[in-house]
Amino acid sequence: MNIAELTGEHFVIRDLKSQTKKEVLTELAEVFAEGGLEIDSNRMVEVLLEREKLGSTGIGDGIAIPHGKLKGLKKLLISVGKSLPGIDFESLDGKPVHIFFMLVAPENSAGQHLKALAKISRMLKDEDFRAALMNAESTADMYHIVKAKDGMLL
């Protein structure tokens with residue numbers, strides 16, 4: 001499972017403008033449509049918000065991994081975003097979230113979905129990786145940091 005290939009530089013947002021949970025999910029979903037994919041970003045946000053009702057995907061340490069399954073999606077998609085001020089995401093530790101990895105999978109892809117979540121979680125456990133993402137000065141830098149970390153875990 002190659003996270004960097006599922007993401008792509010055009011699905012990375014270095015400076016999220018959002019201030020709420022719904023806004024950040026929308027911003028992270030809209031990059032797929034902007035990247036030329038035929039995606040219903042409104043439906044994607046609805047699916048992600050439904051998943052959030054089960055429990056926040058803000059896992060602590062300034063990290064959130066919002067995820068869900070979308071009917072009609074052809075392949076697993078991942079977008080990445082960073083917010084320097086942080087966003088209240090109802091995180092488990094009550095702190096703002098700065099780093100987002102949003103994962104949306106086809107409806108019938110439980111195995112692939114879980115493998116991607118597990119790998120992203122392993123990547124984000126590394127404090128140096130998180131710091132590097134926070135200090136990245138461009139979208140390209142963020143993408144290359146993800147790609148390098150991803151390559152270490154193959």
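Give me the pairs, please: first residue somewhere in region 123-140 and among the basic types (Lys, Arg) and at pLDDT 95 or above, second residue anywhere and surrounded by 15 or more Cβ atoms within 10 Å (Cβ to Cβ) and in a helix (DSSP H, G or I), beta-carbon distance under 7 Å, and either six or more positions apart or on two chains.
Close Cβ pairs (under 7 Å, with a partner that is surrounded by 15 or more Cβ atoms within 10 Å (Cβ to Cβ) and in a helix (DSSP H, G or I)) amount to ARG130/LEU124.
Which condition does GLY68 not pass, out of (1) more than 24 Å from LYS17 (Cα to Cα); (2) part of a strand (DSSP E or B); (3) among the small types (Gly, Ala, Ser), if it passes all the others?
(1)
Of the numbered conditions (1) modelled with pLDDT under 95; (2) closer than 17 Å to GLY60 by Cβ, ASN108 satisfies every one except a single condition; which is it?
(2)
Given the condition over 14 Å from the mean Cα position of the chain (by Cα), outside any strand (DSSP E or B), surrounded by fewer than 20 Cβ atoms within 10 Å (Cβ to Cβ) and not polar (S, T, N, Q), answer yes or no: does some residue in region 98-110 qualify?
yes
Are any residues in region 45-71 buried (at least 21 other Cβ atoms within 10 Å of the Cβ), of a type in the set (A, V, I, L, M, F, W, C) and within 22 Å of ASN2 (Cβ to Cβ), and if so, which ones?
ILE63, ALA64
Considering LEU92, LEU124, which residue is surrounded by 13 or more Cβ atoms within 10 Å (Cβ to Cβ) and either within 14 Å of the chain's Cα centre (by Cα) or among the acidic types (Asp, Glu) (or both)? Walk me through how you get there before you give the answer.
Values: LEU92 fails: either within 14 Å of the chain's Cα centre (by Cα) or among the acidic types (Asp, Glu) (or both).
The conditions single out LEU124.
List the pairs whose first member sits in region 76-88 and is within 19 Å of ASP141 (Cα to Cα), whose second member is of a type in the set (Ser, Thr, Tyr), and whose Cβ atoms are under 8 Å apart, counting only residues at least 6 apart or on separate chains?
Filtered contacts from region 76-88: ILE78/THR7; SER79/THR7; VAL80/THR7; VAL80/TYR143; SER83/SER18.
Name the residues in region 101-149 that are in contact with a helix residue (DSSP H, G or I) (Cβ under 8 Å, 6 or more places away or on another chain), among the aliphatic types (A, V, I, L, M) and within 15 Å of ILE78 (Cβ to Cβ), would you?
MET102, LEU103, VAL104, ALA105, ALA116, ILE120, MET123, LEU124, LEU133, MET142, ILE145, VAL146
From the list LYS74, LYS115, exactly one residue is under 21 Å from LEU54 (Cα atoms), of a type outside the set (Phe, Trp, Tyr) and exposed (fewer than 15 other Cβ atoms within 10 Å of the Cβ). Which is it? Before you say what the answer is, go through the steps one by one.
On the way: LYS74 fails: under 21 Å from LEU54 (Cα atoms).
On inspection, the qualifying residue turns out to be LYS115.
Being of a type in the set (A, V, I, L, M, F, W, C), touching a helix residue (DSSP H, G or I) at 6+ places or on another chain (Cβ under 6 Å) and either outside any helix (DSSP H, G or I) or at pLDDT 95 or above (or both) is true for just one of LEU37, LEU25, LEU49. Which residue is that?
LEU25
Kindly evaluate SER79 against the criterion of being in a loop (DSSP other than H, G, I, E, B), surrounded by 16 or more Cβ atoms within 10 Å (Cβ to Cβ) and of a type outside the set (D, E, K, R). Walk me through it before giving the result.
Working: in a loop (DSSP other than H, G, I, E, B): no; surrounded by 16 or more Cβ atoms within 10 Å (Cβ to Cβ): yes; of a type outside the set (D, E, K, R): yes.
It is false that SER79 is in a loop (DSSP other than H, G, I, E, B), surrounded by 16 or more Cβ atoms within 10 Å (Cβ to Cβ) and of a type outside the set (D, E, K, R).
Restricting to region 141-150, name every residue that is touching a residue at least 60 places away in the same chain (Cβ under 8 Å) and more than 14 Å from LYS82 (Cβ to Cβ).
Selection gives LYS147, ASP150.
The values are calculated or read from the model by the stated rules, or taken from the named source; none is laboratory data. No experiment lies behind these values; they were computed from the predicted model shown. Glycine also receives a Cβ, built like all others from the backbone with ideal geometry; neighbour counts cover every protein chain displayed.
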